[in-house]
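In what follows, a structure is listed as structure tokens, so that the remarks can point back to it.
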Amino acid sequence: MRFQGIKYKKDICLMPLSHIYQGNGRIQIGENFSTNRNVVINSDGGGEIIIGNNVSIGCNTVIRSANHDYINGMGHIPGRIIIDDGVWIGANVVILPDVHIGLRSVIGAGSIVTKDIPSMVVAVGSPCKPIKQIKIR
């Protein structure tokens, strides 16, 4: 296994059956990061995934920063995923390449994230869209 492309800080918790694959991509994970069971974080295919501090991910979530290139010869089209600090991702979420999830946002269970999500919102659906602004108390 190659781990040169994976960088992480302290307080990382990966529950059973969770996997991080970097292949020829890059992954950076901040402090106080946790996953529930069966989470896949995959940057293989030349993609990049950047996860901030204080991020929690629910079970059965897939984060994949490259797509298959079926049209041009079965390779990969690399992309980038950025998940800012304080994001909470519910269970059974899929996050696809070329998205940025903003600071302290919540992604509802079962969502498919195909476009950027702004900071401080609750976003849900397929495709995932903001439905509510988060207010600081």
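The values are calculated or read from the model by the stated rules, or taken from the named source; none is laboratory data. All values derive from a computational prediction rather than experimental measurement. Neighbour counts run over all protein chains shown; Cβ positions are idealised from the backbone, glycine included.
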Worksheet, complete the sentence: Checking N53, N36 in turn, the sole residue that is under 21 Å from L17 (Cα atoms) and modelled with pLDDT of 95 or more turns out to be N36
Discussion item. Out of the strands (runs of 3 or more DSSP E) lying entirely within the range 95-137, which hold 2 or more residues that are exposed (fewer than 15 other Cβ atoms within 10 Å of the Cβ)?
Written reply: 128-133
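With the condition being closer than 23 Å to A109 by Cβ and not hydroxyl-bearing (S, T, Y), I'd like the strands (runs of 3 or more DSSP E) fully within the range 15-89 carrying at least 1 qualifying residues.
Ranges flagged: 19-21, 26-29, 33-35, 40-42, 48-51, 62-64, 80-83.
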Practice prompt. With respect to I41, determine if the residue is farther than 18 Å from W88 by Cα, hydrophobic (A, V, I, L, M, F, W, C) and in contact with a strand residue (DSSP E or B) (Cβ under 6 Å, 6 or more places away or on another chain).
Written response: no
Worksheet item: What number of residues within the range 115-136 satisfy the criterion of being on the phi < 0 side of the Ramachandran plot and out of contact with any strand residue (DSSP E or B) (no Cβ under 7 Å at 6 or more places or on another chain)?
Response: 3
Discussion item. When you check G25 against the structure, is it within 13 Å of the chain's Cα centre (by Cα), buried (at least 19 other Cβ atoms within 10 Å of the Cβ) and touching a residue at least 24 places away in the same chain (Cβ under 8 Å), yes or no?
Written reply: no
